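The values are calculated or read from the model by the stated rules, or taken from the named source; none is laboratory data. Nothing here was measured: the structure is a model prediction, and the numbers come from that model. All Cβ positions, glycine included, derive from the backbone under ideal geometry; neighbour counts span all protein chains shown. In case anyone asks, the SASA skips ligands and DNA or RNA and just uses the protein heavy atoms, side chains included. Shrake-Rupley method; radii C 1.70, N 1.55, O 1.52, S 1.80 Å.
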Amino acid sequence: MADTKMPKAYDYARVEEELYDWWEQNGFFRPETQLEIGQADPDAAPFVISMPPPNVTGALHLGHAITSSIEDMLIRYNRMLGRPTLWVPGTDHAGIATQSVVERKLEQQGTSRHEVGRERFVQEVWDWKDEYHQRITGQQKRMGISCDWTRERFTLDDGLSDAVLEAFISLYNEGLIYRGTYLVNWSPNLQTAVSDLEVEYSEEPGKLYYFKYVLKDSDQFIPVATTRPETILGDTAVAVHPDDARYRDFVGKKVIVPVLGRAIPVIADEYVDREFGTGALKITPGHDPNDYEIGLRHDLPVINIMNKDATLNEEGGPYNGMDRFAARDKLWADMEAAGLTIKSEPHALRVPRSQRGGEIIEPMVSTQWFVKMEPLAGPAIDAVRSGAIRIVPERFEKIYFHWMENIRDWCISRQLWWGHRIPIWYGPDGHAFAARDESDALEQAIAHYGDTVHLEQEPDVLDTWFSSGLWPFSTLGWPQATDDLETYYPTSVMETGYDIIFFWVARMITLGLKFTGDVPFRTVYLHGLVRDEEGRKMSKSLGNVLDPLDLIRDYGTDALRFTLLTGGTPGNDMKLSVTRIEANRNFANKIWNAARFVIMNLGDEEMALSDGDPFDRTYALPDAAALALPDRWILSRLADVRDEATRLIDSFQLGEAGRQLYEFLWNEYCDWYIEAAKVRLYGDDPAQAQATRQVLAYVLEQSLRLLHPFMPFVTEAIWENLPGMGGENLALIVARWPGAMAHQSDQADDAFGRIQEMVRAIRNARSEYNVEPARRIIAQISAGEHEALLQENAPLLVSLARLDPEQLTIAADLPTPSKAAALAHGGATIYLPLAGMVDLDAERRRLEKELANIDGQLQRINGLLNNPGFVGKAPAEVVEREPPNRTNSPSNVNSWRVTCASLSNTRLGD
RNA sequence: GGGCGAAUAGCUCAGCUGGUUAGAGCGCCUCGCUUACACCGAGGAGGUCAGGGGUUCGAGUCCCUUUUCGCCCACCA
């Protein structure tokens, strides 16, 4: 066997980064290069993905890793199909998240953003961004992602900022963006409004406080229950149900707000649930969304009792300046002292918390900018309903529809400094001008006022998702009519986690349809969340975070990728276990060693290559006549697995596709074909050996293509060692996905299957009888109709089952020997006269068990075939499969009966 | 209160148009360093596919229902 420079163990650390740089430097990630070298078909439909942009100051986590794995797999597969393939990468400025980290940094330096001022602060964030941008993209590259870095974008770069301006102004001019004072979700720590989606609710223990609303000029009172006593200070009414006899007489009268002494009306509203609490509801329009609605209906005043940091303001009277929760306790104590309380009892609360900081969100009235969503939602619903956009898995369509059909306006203003500043300038009278820049605004102002005036720009910035919502087309150059936009839009697949279907996917669809008149992508593929081995969400506080970079270091990128691709099904969460990654590391090593074996056997001899398309070029196969049974079998299996893998990937069943390739390569190619091939490889017929080498090489080469999208590094690394491939000849990354292959023959499947069964049966018997592994044993095979097949492949049986070739008998019909183990498999009966080793009682038990098993099968088949319903109604091909063959043939079962009977009559030592 | 998902071997999971005797990895037991691989090879044990009903010639797979867990949405103080 020839020497090879391939080390015994696959050394991923040595090859990964080098291969990545080589791919990138060759421009293989760019559609232009693919077309230039003739790999991509200019007439084929391009395949395009917009990469979900990671937070520019974030670090790679498993969410990114799964995204990268799936998208790169799709990209590589489609590139190999010869479609011009574009994957646009980029990063997101992530307003709140990024601003927060820089604010924390300033805090550590003993200063604050307010101290340094807006301009300097924003500059600080840019510097921070520049520093961290390298980190995240470098980490992404470790995943092997073949995206076009020359087209990389950032949500705050000039082009994308221009897109944001265009989108905002155009929506504004259409009246779809408005400004208004409403109750919004206020984050007291970040001191900004957040959208409904950014609020998460958690069940927490709390109290329900019962107290008295005393009637004005009376000692009567209405009992009222609340979970947030501090909001009493902002009450502007008490509501009861109009039909509630208990309180009917109070409606229209006034009650006195505790401590503050304000008189507020008792009103009747059907919203009130008579069953809950006391059946009377205090109304705080300034700090509760429901109360806000009721307030509107009854024209109640809105009192804001809090400052931006959620301390009480002057409306809080004696509690002015106190924290909202301190005020809650103090107020309750004061009310207790005044005899106004009734009781408090434990009560489970649904507490709104900020998705970002985790602090309790305070509903507060403030002036914000909103996008009117309803007019945008209609077309977005239609796009999915009509199939213009397909969602995988389909069940998420329902969730999408439900959300879209109940859509609420989107609060897009944030009281931050890091982000796209809202392009609005206000005149002295507050009149708003939407403009691309200040001079444009001034011009508008002059036209409006007839004179030059001083304008103030809106200080707020836009929600980060506003710019991400434009991502699929802004990254291609919109609003400019660029070639990229023309060529690569709509994109093909939007692949992301189901957790951001509302945040992102829904908004890209609405905004995409609005601004481009077309869907932003044809398919939405949603993956699940990666969880830890116990199924918990990975979080820093739990300390259960697996760092992809550690995993890559320990097991290699391919192992991680393959694990993430094959662990589960679309849309379902995945528990990631290190043992699976380890298993897949072993898989990579297994393939490496199989290749090493093949390459060593190819030696230095030049291998004949097939003609035709250089991207298709592979090893020439020997003439059909030169193919032995194992060759025909593995080629037939390869043809099947190619078809299945193709079908499965095309229907997004990536995990199943990967699994089948794994099984094919390990269990069929390595465990059976390579072992079978050794017979002829080391035999004395050079022509046969050469034919075997050709098949070994061909199947390996084609398999590497099939596996490449799943495990790009190990496959390319092997490819580089294949004679005639790699290097100057062809990189696997741009090789063609194998086309459908002629199926060699179903007979080969069937015949090789018999051999396998027989080999397994003999190995099993050897093991049960503790035959030393090295020992060659005698076998007599009663082969029936398969005599010719077994004669022809006797060397295979000899080698794989370690038989003694001198003492192997194969005949159509042999008498049943005594003192021999009898194995009925593959349509033949194998007798192993393991002299002195056969425990007859044990053998009898074993055979009876087998016989029962086979009888069971026979009964099942007879039952089926005698059932007119089955024969009449089942499809012909299903019926076809059932007739007796192999182990379940009646003649086989009969021979078993004979064997068992004779054994039963045989006494030990006979 | 709605909706969705999960329940299959000791553990983690596949099994998508219903069709042989339900699979894999890990773990476990027995062997084996046979010139690709001990990140390996051979053999083995282990499952009434959560329970119940139904449709069908045939159900892990489709329908109904119950139970347990998880998630999403929703205005109950």
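Against the test of being basic (Lys, Arg), in contact (Cβ under 8 Å) with a residue 60 or more places away in the chain, open to solvent by 60 Å² or more (accessible area, probe 1.4 Å) and at negative phi, the options A:Arg414, A:Arg522 yield a single qualifying residue, A:Arg522. Would you please name the residue that is surrounded by the most Cβ atoms within 10 Å (Cβ to Cβ), looking only at residues in region A:62-106 that are farther than 30 Å from A:Asp484 by Cβ and in contact with a helix residue (DSSP H, G or I) (Cβ under 9 Å, 6 or more places away or on another chain)? My answer is A:Gln99. Among the residues making up region A:328-347, those that are away from RNA strand B (no atom under 16 Å from the Cβ) and either among the acidic types (Asp, Glu) or under 46 Å from the mean Cα position of the chain (by Cα) (or both) are A:Asp329, A:Asp334, A:Glu336.
Being touching a residue at least 12 places away in the same chain (Cβ under 8 Å), away from RNA strand B (no atom under 14 Å from the Cβ), open to solvent by 30 Å² or more (accessible area, probe 1.4 Å) and in a loop (DSSP other than H, G, I, E, B), is that true of even one residue in region A:279-302? Scanning region A:279-302, I find at least one residue that is touching a residue at least 12 places away in the same chain (Cβ under 8 Å), away from RNA strand B (no atom under 14 Å from the Cβ), open to solvent by 30 Å² or more (accessible area, probe 1.4 Å) and in a loop (DSSP other than H, G, I, E, B), so the answer is yes. Right, A:Ala594: more than 13 Å from RNA strand B (Cβ to nearest atom) and small (Gly, Ala, Ser) or not? No. Scanning region A:1-53 for residues that are within 30 Å of A:Val493 (Cα to Cα), among the charged types (D, E, K, R), open to solvent by 40 Å² or more (accessible area, probe 1.4 Å) and touching a residue at least 60 places away in the same chain (Cβ under 8 Å) returns A:Glu17, A:Glu24, A:Arg30. Residue count for region A:574-616 under the criterion of being open to solvent by 50 Å² or more (accessible area, probe 1.4 Å), touching a strand residue (DSSP E or B) at 6+ places or on another chain (Cβ under 9 Å) and assigned to a loop (DSSP other than H, G, I, E, B): the result is 2.
Inside region A:555-575, can you point out the residues that are over 23 Å from A:Arg14 (Cα atoms) and within 11 Å of RNA strand B (Cβ to nearest atom)?
Step one: list which residues in region A:555-575 are over 23 Å from A:Arg14 (Cα atoms), which gives A:565-575.
Passing the criteria: A:Thr566, A:Gly567, A:Gly568, A:Thr569, A:Pro570, A:Gly571, A:Asn572, A:Asp573, A:Met574, A:Lys575.
Looking only at residues that are without any contact (Cβ under 8 Å) to a residue 40 or more places away in the chain and in a helix (DSSP H, G or I) in region A:658-687, which one is nearest to the chain's Cα centre (by Cα)? Across region A:658-687, the extreme among qualifying residues is A:Gln660. Residues that are closer than 19 Å to A:Ser636 by Cα and either open to solvent by 40 Å² or more (accessible area, probe 1.4 Å) or within 16 Å of RNA strand B (Cβ to nearest atom) (or both) occur in region A:705-720; there is at least one.
Within region A:118-232, considering only strands (runs of 3 or more DSSP E) that don't extend past its boundaries, which have at least 1 residues that are open to solvent by 30 Å² or more (accessible area, probe 1.4 Å)?
Working: elements: A:177-187, A:192-194, A:199-215, A:221-226.
Qualifying strands (runs of 3 or more DSSP E): A:177-187, A:199-215, A:221-226.
Using the structure shown, decide if A:Thr510 is under 30 Å from A:Trp478 (Cα atoms), surrounded by fewer than 23 Cβ atoms within 10 Å (Cβ to Cβ) and away from RNA strand B (no atom under 11 Å from the Cβ). So A:Thr510 does not fit the description; no. The set of residues from region A:795-822 being more than 49 Å from the chain's Cα centre (by Cα) and open to solvent by less than 40 Å² (accessible area, probe 1.4 Å) comprises A:Leu803, A:Asp804, A:Leu808, A:Ile810, A:Ala811, A:Leu814, A:Pro817, A:Ala820, A:Ala821, A:Ala822.
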